[in-house]
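Have a look at the structure below before the remarks.
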Amino acid sequence: MKTLAKVLPGIIALFFLVAGLLFTFNPAATLERLQLTPESIAGLAAIRSFIGGTFLGLALLLVHGIVKNE
């Protein structure tokens with residue numbers, strides 16, 4: 001049971017990490033797949049920070065929880 005408690009959040013953390021990296025480093029292509037278009041450079045920066053940063057933060061929190069094992 002302890003293994004499942006580490007593997008399942010690990011898979012979710014991996015998903016969040018990949019999504020966060022895609023939104024951070026290649027937001028235009030990622031948004032195109034979702035059929036979204038930013039209005040300007042400011043919109044692209046907002047998507048990069050809000051969505052990419054949120055996914056990266058969630059991935060880091062999940063990894064921290066797995067490592068601390070609490």
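The values are calculated or read from the model by the stated rules, or taken from the named source; none is laboratory data. Just so it is clear, the structure is predicted and the values come from calculations on it, not from any experiment. Using ideal geometry, Cβ is built from the backbone for each residue, glycine included, and neighbour counts are taken over all protein chains shown. To get the accessible areas, we keep the full protein, side chains included, count just its heavy atoms, and leave off ligands, DNA and RNA. Shrake-Rupley method; radii C 1.70, N 1.55, O 1.52, S 1.80 Å.
A single member of P27, P38, P9 is within 25 Å of V67 (Cα to Cα) and in contact with a helix residue (DSSP H, G or I) (Cβ under 8 Å, 6 or more places away or on another chain), and it is P9. Once the range 18-33 is narrowed to residues that are within 13 Å of I51 (Cα to Cα) and of a type in the set (A, V, I, L, M), the residue that is farthest from the chain's Cα centre (by Cα) is A28.
Screening the range 27-70 for residues that are of a type in the set (G, A, S) and either within 13 Å of P9 (Cα to Cα) or in contact (Cβ under 8 Å) with a residue 60 or more places away in the chain (or both) and picking the one that is most open to solvent (accessible area, probe 1.4 Å) gives G65.
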